[in-house]
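One structure coming up, written as structure tokens, with questions to follow.
Since every read-out is calculated from the coordinates, none of them should be taken as a lab result. Since this is a predicted model, take the numbers as computed values, not measurements. A quick note on method: Cβ atoms are made from the backbone with ideal geometry, for glycine too, and the neighbour counts reach across all protein chains shown.
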Amino acid sequence: MSGYSKNRIKNAGEVLRRLESATPEEMLEAIGVIDEWRADHAKPLRRVNAGLRHYVRKVGIEQPEVTQRLKRFATIADKLRRQPTMALSRMEDIGGARVTVPTQDQVDAIVRDLRSQPRWNIRRVREYVEGRDPGPKSDGYRAVHVIVVKDGCFIEVQLRTPRQDAWAQSVEQDTRRLGEGLKFGTGPDDLREYYVLVSELLAMRERHEQPNSVFMEQLASRFAATRRHFPDEEPR
């Protein structure tokens, strides 16, 4: 571990937040602190990843799909600016692991297992799924997030079904292509509305429900409206 106090880490985050007014000396100090704080999450993240694989196998997945990443410096800075009351020392997703399993029932079984094990220090669980707390996000995002405390660091575990993951990856891709913050609730209204409908359609499929004709017409209309954002993909 870096040995930096939580107050020093918090102050480094504040320097990053007020980038325009920080002195070069302050920036160099902050960059060094943040780089070490970010690196501190690497070992706890690997330990969480290894532990998750055991529970994924328990639900019948012989070759677990568990990925991990450390949040990039630029992404940390962007999040601090988007959330002005957040302290860097309390940011819960600097280290992140992602689990993809075939069904919501398997997601729920893994979460129950994690919660039942005393050696897993669970800080909080957020269930972005119908009928849960807090439920799907307004932009259509669906998943279950488990915040684990490991070796003094917060590690965010995202658990998704393949449809939920495909939706999130598509939003991520269009965010990069358009330079718009779709995943943060900004960007063209028609495209955001389209993704809300797509998410609902995928959720219906997972519940084995059949969408009615009005819903499908609305989805087709939204899809047609969004093609203006991707002119290179339009038929020639």
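Quick one: 3J(HN,Hα) in Hz for the range 151-165, Karplus 6.51/-1.76/1.60 with θ = phi - 60°, rounded, Gly and Pro as x.
Running phi through 6.51 cos²θ - 1.76 cosθ + 1.60 with θ = phi - 60° gives 6, x, 10, 8, 10, 8, 9, 9, 10, 9, 7, x, 5, 4, 5 Hz.
I need the Debye-formula profile for the range 1-72: one equal scatterer per C-alpha, no solvent, reported as log10 I(q)/I(0) at q = 0.29 1/Å, two decimals.
-1.23
Please give the Cα centre distance for the range 21-97 versus the range 166-206, rounded to the nearest Å.
What the calculation gives is 23 Å, centre to centre.
Would you order His229, His208, His54, His41 from fewest to most other beta-carbon atoms within 10 Å of each residue's own beta-carbon? Walk me through the intermediate numbers first.
Values: His229 16, His208 6, His54 11, His41 24.
With the fewest neighbours first, His229, His208, His54, His41 line up as His208, His54, His229, His41.
Relative contact order for the range 135-236: what percent, with Cα pairs under 8 Å and sequence separation of 6 or more?
Working: 87 pairs, mean separation 23.2, N = 102.
About 23 percent, as a whole number.
Now a separate question. Before anything else, pin down the relative contact order of the chain: Cα pairs under 8 Å, at least 6 apart, normalised by residue count, whole percent.
Working: 314 pairs, mean separation 36.3, N = 236.
Reported as a whole number, the value is 15 percent.
Can you tell me which of 133-141, 96-104, 157-165, 32-40 comes out highest on packing, and rank the rest after it, using the mean Cβ neighbours within 10 Å? Intermediate results must be reported in sequence, preceding the final value.
Values: 133-141: 14.7, 96-104: 20.0, 157-165: 22.2, 32-40: 17.8.
In decreasing order of mean packing, 133-141, 96-104, 157-165, 32-40 become 157-165, 96-104, 32-40, 133-141.
Does anyone have the angle between helix 213-226 and the longest principal axis of the chain? Alpha-carbon axes, 0 to 90°, nearest 10?
60
What is the order of Lys43, Lys150, fewest Cβ neighbours within 10 Å to most? Kindly include the intermediate steps, with their values, before the conclusion.
Values: Lys43 14, Lys150 18.
Neighbour counts put them in this order, fewest first: Lys43, Lys150.
Which cross-chain or sequence-distant (5 or more) residues have an amide H under 5 Å from the amide H of Lys150, H modelled 1.01 Å from N in plane?
Excluding prolines and chain starts, which carry no amide H, the hits are Ile155.
Let me ask another. With everything on Cα atoms, drop me the angle between helix 189-206 and the longest principal axis of the chain, reported from 0 to 90° to the nearest 10.
80
When the helix-only estimate is applied to the chain (DSSP H runs of n ≥ 4, each -39,500 (n - 2.57), divided by the residue count), what is the mean residue ellipticity at 222 nm, nearest 500 deg cm²/dmol? Working shown, then result.
Numbers: 8 runs with 118 residues, N = 236.
Calculated mean residue ellipticity at 222 nm is -16500 deg cm²/dmol.
Here is a follow-up. To the nearest 20 debye, what charge dipole does the range 6-160 have about its Cα centre, counting +1 at the Cβ of each Lys and Arg and -1 at the Cβ of each Asp and Glu?
Computed charge dipole of the range 6-160: roughly 340 debye.
Please label the shape of the range 83-155 as rounded, prolate or oblate, based on the square roots a ≥ b ≥ c of the eigenvalues of the alpha-carbon gyration tensor (a/c under 1.5 means rounded; beyond that, a/b larger than b/c means prolate, else oblate).
Judged from the Cα gyration tensor, the range 83-155 comes out oblate (a/c at least 1.5, b/c at or above a/b).
Something else about it: What net charge do the residues around Tyr4 carry, taking every other residue with its C-beta under 9 Å from that of Tyr4, with Lys and Arg at +1 and Asp and Glu at -1? Provide the component values of the computation, followed by the final result.
On the way: positive: Lys6, Arg8; negative: Glu36, Asp40.
My count for the surroundings of Tyr4 gives 0.
Expressed as an acute angle from 0 to 90° and rounded to the nearest 10, what is the orientation of the C-alpha long axis of helix 42-58 relative to the principal long axis of the chain?
40
Additional query: Calculate the all-directions average of the projected area of the range 42-115's alpha-carbon convex hull, and give it in nm². Please list the in-between numbers first.
Details: hull surface 23.8 nm².
For the Cα atoms of the range 42-115, the hull's average projected area reads 5.9 nm².
Scan [x] 7, 25, 26, 17, 13, 9, 3, 0; [y] 7, 28, 31, 20, 11, 3, 0; [z] 7, 27, 31, 23, 10, 2, 0 for the value of P(r) over Cα pairs in 10 Å bins from 0, in percent calculated from this model and give just the label.
[z]
Let me ask another. How are the alpha carbon pair distances in the range 164-233 distributed across 10 Å bins from zero to the largest one, expressed in percent?
Distribution as computed: 19, 51, 27, 3 percent.
In the chain, if the dipole is taken from +1 on Lys/Arg beta carbons and -1 on Asp/Glu beta carbons about the Cα centre, which of Gln169, Gly185, Ala97 is farthest to the positive end?
Comparing the listed Cα positions along the dipole, Ala97 ranks first.
Report, in debye and to the nearest 20, how large the dipole of the range 166-236 comes out about its Cα centre when Lys and Arg carry +1 and Asp and Glu carry -1 on their Cβ.
Values: 10 positive and 13 negative charges, 23 e Å.
Dipole size: approximately 120 debye.
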